[in-house]
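S.K.: Got a structure for you, written out below as structure tokens; questions coming shortly.
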Amino acid sequence: MNKKIAKVRTTADMIISLVVLLAGAACFAVRSTGMMILGGVVILTGLVLLFMLKNGYKIEGQKELFKKKEHFFPETRFDAIYSEIEAGRMITDFKDEDKAIVVRLDVYTSQSGKRFAELYKYVPYDYKKQVELKEVL
């Protein structure tokens, strides 16, 4: 069962974009050459943000909006993490380590507390999925 994950705009993304657009419009309305140029640049930035900002995730079959957090671990922790995810439990200690990053755990959390996790293992030049998206407690 391969669920699809899509990046979506959040309310915060829209608010940030609209605030930048309004600030640009206010600068543009001053009617000074310098301020009009600045206002045009800020409006253009607001438009780019409006189309580019997507900080939320939508999981197929779920109504909530999720936030993604990535955790990285060394190879030695792969078996322990794999068995926990396969059992539907969430590991409790997220002590990321900087050395020998081979295992990546993506955790999607909603505001209601629902969690999904995916586990990846590094194969040269790419992370290969080891555990499909699975709900964990």
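S.K.: With point charges of +1 on the Cβ of Lys and Arg and -1 on the Cβ of Asp and Glu, referenced to the Cα centre of the chain, which listed residue (124, 27, 137) lies farthest in the positive direction of the dipole?
M.R.: Ranked along the dipole, the leading option is 27.
S.K.: Hey, another quick one. For the stretch 26-133, which GluC sites (Glu not before Pro) are in a loop by DSSP, counting at most 11 other Cβ atoms within 10 Å? Before the final figure, lay out each step's value.
M.R.: On the way: sites: 60, 64, 70, 75, 84, 86, 97, 118, 132; in loops: 60, 64, 97.
Qualifying residues, ordered by number: 60.
S.K.: Okay, next question. Per Stokes-Einstein, at 10 °C and 1.306 mPa s, what whole-number D in µm² s⁻¹ belongs to the stretch 1-62, with the Kirkwood radius over Cα pairs as the hydrodynamic radius?
M.R.: Details: Rh = 13.0 Å.
Reported coefficient: 122 µm²/s.
S.K.: Over the chain, consider all pairs of different Cα atoms and compute the Kirkwood hydrodynamic radius from their mean reciprocal separation; express it in Å, one decimal.
M.R.: Details: mean 1/r = 0.0569 Å⁻¹.
Every distinct Cα pair counted, the radius reaches 17.6 Å.
S.K.: I'd like the orientation of helix 11-28 relative to the chain: the angle between its Cα long axis and the longest Cα principal axis, in ° from 0 to 90, rounded to 10.
M.R.: 20 degrees
S.K.: Averaging sequence separations of C-alpha pairs under 8 Å and six or more residues apart, then dividing by the length of the chain, give the relative contact order as a whole percent.
M.R.: Numbers: 235 pairs, mean separation 28.0, N = 137.
It comes to 20 percent, rounded to a whole number.
S.K.: Rounded to a whole number, what % of the accessible area of the stretch 22-78 do carbon and sulfur atoms account for, probe 1.4 Å?
M.R.: Details: 2600 of 3740 Å².
For the stretch 22-78, the apolar C and S fraction of the accessible surface comes to 69 percent.
S.K.: How about the stretch 40-130: which trypsin sites (Lys or Arg not before Pro) there are in a DSSP loop, with at most 13 other Cβ atoms within 10 Å of their Cβ? Kindly include the intermediate steps, with their values, before the conclusion.
M.R.: On the way: sites: 54, 58, 63, 67, 68, 69, 77, 89, 95, 99, 104, 114, 115, 121, 128, 129; in loops: 54, 63, 89, 95, 99, 114.
Here the sparse-neighbourhood loop sites are 54, 63, 89, 95, 99.
S.K.: Find which of 52, 80, 40 sits farthest along the positive direction of the dipole of the stretch 22-106, computed with +1 on the beta-carbon of Lys and Arg, -1 on that of Asp and Glu, about the Cα centre.
M.R.: Among 52, 80, 40, the one farthest towards the positive end of the dipole of the stretch 22-106 is 40.
S.K.: If you put +1 on each Lys and Arg Cβ and -1 on each Asp and Glu Cβ, how big is the dipole of the stretch 2-101 around its Cα centre, in Debye rounded to 20? Kindly include the intermediate steps, with their values, before the conclusion.
M.R.: On the way: 15 positive and 12 negative charges, 121 e Å.
The calculation lands at about 580 debye.
S.K.: In degrees from 0 to 90, rounded to the nearest 10, what is the angle of the helix 33-52 Cα long axis to the longest principal axis of the chain?
M.R.: In the chain, helix 33-52 runs at an angle near 30 degrees to the longest axis.
S.K.: Can you list which of the trypsin sites (Lys or Arg not before Pro) found in the stretch 2-45 are DSSP loop residues with at most 14 other C-beta atoms within 10 Å? Don't jump to the answer; show the numbers that get you there.
M.R.: Details: sites: 3, 4, 7, 9, 31; in loops: 3, 4, 9, 31.
Of the trypsin sites (Lys or Arg not before Pro), the ones in loops of the stretch 2-45 whose Cβ has at most 14 other Cβ atoms within 10 Å are 3, 4, 31.
S.K.: Could you do me a favour and compute the accessible area per residue for the chain, 1.4 Å probe, result in Å²? Mind showing how you got there, number by number?
M.R.: Working: 8880 Å² over 137 residues.
Here the per-residue accessible area is 65 Å².
The values are calculated or read from the model by the stated rules, or taken from the named source; none is laboratory data. Bear in mind the structure is a predicted one, so any value in this text is a computation, not a measurement. Ideal geometry is used to build each Cβ from the backbone, glycine not excepted, and the neighbour counts take in all protein chains shown. Accessible surface is based on the protein model in full, side chains and every heavy atom, while ligands, DNA and RNA are left aside. Shrake-Rupley method; radii C 1.70, N 1.55, O 1.52, S 1.80 Å.
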